[in-house]
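Engineer: Take a look at this one; I'll ask things after.
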Amino acid sequence: MANARALDRRRRSVRNIRKITRTMELIATARFKKAMDRSVAARDYTEQLAKILKNIAAVGEDLSHPLLRTRPTQRTAVLVLTGNRGLCGGYNSNAVKQAMGLLGQWSGDEMETHVTVSGKRGINALRFRGITIDEEHFKFEDKPAFSEVAPIGESYLKSYIDGDIDRLDVVYTRFVNIAKQEAVAETLLPLQSPTDEETLESPAGHLASEEYDFYPSAESILEEILPASFQSRLFKCFLDSAVSEQVARMVAMKGATENASGIIKDLSRRYNRARQTQITGEIMEILGGVEALKK
Amino acid sequence: MSTTSSQKLIRCVIVTPEQTVLDTKAAGVVLPLDDGSRGIAAGHAPFIGRLGAGEVKLLGVAGGNGGETTIRTFIAGGFTEVGNNEVTVITQQASDSGSIDPVEAKVELERLLAQKAVGDEQINALLSAESTARAKLRAAQKPKK
């Protein structure tokens, strides 16, 4: 029979843990809201860029640019976005699993791969699995700044144009909605041609749209806008990751708090029973003593 | 420049990757295009243009007490789309011109001017950084109205 005092001690420690997990849940909720706002605020930029690209495509401009050209893949780059901290359910492990799948595929094809990982968790997990990491980032928390992401994008653009890499994949956790986030590997370079996805949706839509003039010329705008479009996509990956991490932590901590409550309930029941047994035992002893004295 | 309530206004939106910096109506907008400034008023013909570093000036924005103000925002290059009585400025970096410190901007420009670049790529990068710094300094030095 467990003794009452030990049960009480355990109950108290579980209560403390519940306090911590509940606080973490609240913090994650607040951070999630902020991250979400940032993500929504960033959407305008992407949409406007897409609009301009679409208009350039609508003019019938021949979309040829080094960033759009697909080359035979020999050297690839992979960027894996994970969190710096744990206690967020499957967030980090799912991204790592996705990255391992992709890296396994590349090494199977005997390709040279440049691996960049953001987040302590991902770095440790991938290193444990025997992956050589070429570049590490720790600074991205729940508020990735564009000025911090831009240099990374810049260096990828440069190595793509110089031919040091033929393809760039980003492994991150896409935020679909609050109930669903999925770890995905997205190919950012070569850039998908803007005509591929958008014009198919509205084949006749452009004809009615306004006729645009271009200053100085459509090609020169295209030349500038494609890198910007890549940067904004890369930035979106970071933002999505940040939002997903907070959601994952929120959900994980909510589960932990609920579990702690369940354990406390169970421990309380056992504690009460143990206490009652102890009291009954003591009464029996007293009664036994009284009986013995009577004789 | 004065405007009356009957004058048509044009909507101006400035977006950066992080947020929408500005979304307001103005009587006129001056855009720093790649090759020089261009004034836009309501009903301007649609165009898409490349922007250089410089100031976006919004003239005749309705102020708090019935008056009008001018909003000046420094941008470091980008794109603009004009059409549908709307000016959209897409830039990677935008800041209120009034908040730029002229001393700091000058130091930055001098630092860049002192730098040496080798090879086409570096020279081009340095030149564009210099012109951005110059535009920034110009924006900072303009008297505040």
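Engineer: Remind me, relative contact order of segment A:31-250 in percent, using alpha carbon pairs under 8 angstrom and six or more residues apart?
Structural biologist: So the answer I get is 33 percent.
Engineer: Further question: Tell me which of A:GLY153, A:ILE225, A:SER268 sits at the most positive position along the dipole axis of the protein assembly as shown, charges placed on C-beta atoms (Lys, Arg +1; Asp, Glu -1).
Structural biologist: The Cα lying farthest towards the positive end belongs to A:SER268.
Engineer: Further question: Counting pairwise Cα distances across chain B, what percent come out greater than 27 angstrom?
Structural biologist: Working: 2627 of 10440 pairs.
The share of Cα pairs beyond 27 Å in chain B comes to 25 percent.
Engineer: Tell me, what is the FRET efficiency for A:ASP8 and A:ASN259 to the nearest 0.05, using R0 = 25 angstrom and their Cβ-Cβ distance as r?
Structural biologist: 0.80
Engineer: Next question, about the same structure. If each of A:ARG269 and A:SER147 carries a label point 7 Å out from its Cα toward its Cβ, how far apart are those two points in nm?
Structural biologist: That separation, rounded to one decimal, is 5.8 nm.
Engineer: Which one, A:SER268, A:SER229, A:SER93, has the greatest fluctuation when you compute a Gaussian network model over chain A with C-alpha springs under 10 angstrom?
Structural biologist: A:SER268
Engineer: Using a cut-off of 15 Å between alpha-carbon atoms, which aspartates and glutamates can reach B:LYS25, once sequence neighbours fewer than 8 places away in the same chain are excluded?
Structural biologist: B:GLU68, B:GLU86
Engineer: Here's something else I'd like to know. Would you list, by chain and number, the aspartates and glutamates whose Cα falls below 15 Å from the Cα of A:LYS294, excluding same-chain residues fewer than 8 positions away?
Structural biologist: The reachable aspartates and glutamates, counting only those whose Cα sits under 15 Å from A:LYS294, are A:GLU285.
Engineer: Sticking with this structure for a sec: How far, in degrees from 0 to 90, does helix A:218-294 lean away from the longest principal axis of the Cα atoms of chain A, to the nearest 10?
Structural biologist: Between helix and principal axis, roughly 10 degrees.
Engineer: Cα convex hull of the protein assembly as shown: mean projected area in nm², to one decimal? Intermediate values should be presented prior to the final figure.
Structural biologist: On the way: hull surface 137.4 nm².
Projected area, direction-averaged: 34.4 nm².
Engineer: Averaged across the residues of B:75-86, what count of C-beta atoms belonging to other chains lies within 10 Å of each residue's C-beta?
Structural biologist: Mean partner-chain Cβ count within 10 Å for B:75-86: 3.
Engineer: Roughly how many nanometres apart are two label points built 7 Å out from the Cα toward the Cβ at B:ASN124 and B:GLN7?
Structural biologist: With each label placed 7 Å out from Cα toward Cβ, I get 4.2 nm.
Engineer: Under 27 Å Cα to Cα from B:LYS116, which lysines show up? Leave out anything in the same chain fewer than 8 places away.
Structural biologist: A:LYS158, B:LYS106, B:LYS136
Engineer: For A:ASP166, which sequence-distant residues (separation of 5 or more, or a different chain) have an amide H within less than 5 Å of its own amide H, given hydrogens modelled in the peptide plane?
Structural biologist: The list, which skips near neighbours in sequence, is A:GLN74, A:ARG75, A:THR76, A:ALA77.
Engineer: Give me a single rounded figure for B:13-22: the average over its residues of other chain Cβ atoms within 10 Å of their Cβ.
Structural biologist: 6
Engineer: Please work out the C-alpha center-to-center distance from segment A:210-265 to segment A:162-177 and express it in whole Å.
Structural biologist: Centre-to-centre (Cα) distance: 13 Å.
Engineer: Another one. Hey, got the average number of other protein chain Cβ atoms within 10 angstrom for residues in A:229-235?
Structural biologist: Partner-chain Cβ atoms within 10 Å, mean over residues of A:229-235: 1.
Engineer: Rank these for me by crowding, A:MET24, A:MET284, A:MET250, going from fewest to most other beta carbons within 10 Å.
Structural biologist: A:MET284, A:MET24, A:MET250
Engineer: Subtract the Cα-Cα distance of A:SER220 and A:ASP134 from 0.36 nm times their separation in residues, and report this length gain in nm to one decimal.
Structural biologist: Value of the extension gain: 27.5 nm.
Engineer: Another question about this same structure. Could you give the angle, 0 to 90 degrees to the nearest 10, between helix B:119-141's Cα long axis and the longest principal axis of the Cα atoms of chain B?
Structural biologist: That works out to roughly 50 degrees.
Engineer: Once you sort the root eigenvalues of the Cα gyration tensor of segment B:32-105 as a ≥ b ≥ c, which label holds: rounded (a/c under 1.5), prolate (a/b larger than b/c) or oblate (the other case)? Walk me through the numbers on the way to the answer.
Structural biologist: Working: a/c = 2.31, a/b = 1.08, b/c = 2.14.
The shape class here is oblate.
Engineer: Net charge around B:GLY39, counting only other residues with Cβ within less than 13 Å of its Cβ (Lys, Arg = +1; Asp, Glu = -1)?
Structural biologist: +1
Engineer: Sketch the reach of a paramagnetic label on A:LYS97 as a point 7 Å from Cα along Cα-to-Cβ, and name the residues of segment A:122-140 whose backbone nitrogen lies under 17 Å away.
Structural biologist: A:122, A:125-126, A:129
Engineer: As I understand it, the value is the acute angle between the Cα axis of helix A:146-161 and the longest principal axis of the Cα atoms of chain A; what does it come to in degrees, rounded to 10?
Structural biologist: 50 degrees
Engineer: Using only Cα atoms, figure out Rg for segment A:92-182 and give it as a multiple of 2.2 N^0.38 Å.
Structural biologist: 1.15
Engineer: Hey, for a label at B:ASP101 modelled as a point 7 Å past Cα toward Cβ, could you say which residues of segment A:142-177 have their backbone N under 15 Å away?
Structural biologist: none
Engineer: Using helices alone, I'd like the mean residue ellipticity at 222 nm for the protein assembly as shown: each DSSP H run of four-plus residues gives -39500 (n - 2.57), total over residue count, nearest 500.
Structural biologist: Rounded to the nearest 500, it is -18000 deg cm²/dmol.
No value in this document is a laboratory result; all are computed from the given coordinates. Every value quoted in this text rests on a predicted model; they were computed, and no experiment measured them. Cβ: placed from backbone, ideal geometry, glycine included. Neighbour counts: every protein chain shown.
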